[in-house]
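> Handing you a structure now.
The values are calculated or read from the model by the stated rules, or taken from the named source; none is laboratory data. Everything numeric in this text was worked out from a predicted model, so none of it was measured. Don't worry about glycine lacking a Cβ; one is built from the backbone with ideal geometry, like all the others, and counts go over all protein chains shown. Ligands, DNA and RNA are stripped out before the accessible areas are found, and what is left, the full protein with its side chains, is counted by its heavy atoms. Shrake-Rupley method; radii C 1.70, N 1.55, O 1.52, S 1.80 Å.
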Amino acid sequence: MSKEPSPILHISGILSEKDYKKAVRASGLRRFWIYMVIYLLMMVLIPMIVTFKDLYPWLRDGYIPFDAFLERIFRSVIDRGAWIIAVGFIAFYALYQLWFRPVRAGKQMRELDPEGAPLVYDFYEDMLVTHIDSRSGENTVRMHYTDVQRKIKETKYVFTLSTGQKNRTGLFKAIMTPEEEKNVRELLKERCPQRRRRS
């Protein structure tokens, strides 16, 4: 009878609701800044491009001077009332990502695991096995290091491994010692290709 291989790194602990909410809030903050930069660029660039397209023939034919041309382009951004809507959208999105989403996630976790979620991370030679034991039942996820197709994302609270757009595993640092956190980082860097999937 063959003996089950032992993990090269074993980590276990209880993830509290507070630590889980912190991790969710940190991921929301990162997402917030990414989308806000994109949104604000669109708010600035689209009116400028439209105004440039409308006024360029007038500039080319000498009907308006260059300084007036530039002034009209910049005014196309400043004078639009859309900024009021933009500020409202940003405030709503910040509230959603930094308050509502973490609170909802914490509530869902509290319903399943009122005393915290027992987590086990077993790192073997060729794969990671994550085990979660909650009221809804036991859940074991196996992920081969070679299946990690995107860059590993690391925040203050979690390592996120992704094998596809919707297939992700989070490794929460709250149950790790500083030494374990360092070992996990080095092991993942060594064994995961972290390449982007080509379409």
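> Is there a pair in Lys107/Lys156; Lys22/Lys156; Lys21/Lys182; Lys156/Lys189 whose C-alpha atoms are over 19 Å apart, and which pairs would that be?
Lys107/Lys156; Lys21/Lys182
> Right, another one. Considering only DSSP states other than H, G, I, E and B, which trypsin sites (Lys or Arg not before Pro) in the range 87-181 qualify as loop sites with at most 12 other Cβ atoms within 10 Å?
Counting only loop positions with at most 12 other Cβ atoms within 10 Å, the trypsin sites (Lys or Arg not before Pro) in the range 87-181 are Arg135, Lys156, Lys166.
> Run the helix sum for the chain: -39,500 (n - 2.57) per DSSP H stretch of 4+ residues, divided by residue count, reported at 222 nm to the nearest 500 deg cm²/dmol.
Estimated from H runs of four or more residues: -16500 deg cm²/dmol.
> Now, a different point. Want the number for Arg110 to Phe66: 0.36 nm per residue separation, take away the alpha-carbon distance, what's left?
Roughly 9.6 nm would be gained on extension.
> On a 0 to 90° scale, report how tilted helix 178-191 is relative to the longest principal axis of the chain, with both axes built from alpha carbons and the result rounded to the nearest 10.
Tilt relative to the chain: about 80 degrees.
> Assuming R0 = 35 Å, can you tell me the calculated FRET efficiency for the pair Tyr96 and Leu59, based on Cβ-Cβ distance, to the nearest 0.05?
Calculated value: 0.25.
> How high is the relative contact order of the chain, in percent, counting Cα pairs under 8 Å that sit 6 or more residues apart?
Result for the chain is 27 percent.
> Here's a follow-up. Provide the per residue accessible area, probe 1.4 Å, for the chain, rounded to a whole number of square angstrom.
69
> Could you compute the longest span of the chain free of GluC sites (Glu not before Pro) located in DSSP loops and having at most 12 other Cβ atoms within 10 Å, not counting the site residues?
1-114
> Quick one: if you stick a label point 7 Å off each Cα along the C-beta vector at Ile85 and Ser6, how many nm between them?
Computed distance between label sites Ile85 and Ser6 equals 6.4 nm.
> Starting from the Cα of Lys151, draw a straight line to each of the aspartates and glutamates and keep only those under 15 Å, dropping any in the same chain fewer than 8 residues away.
Glu186, Glu190
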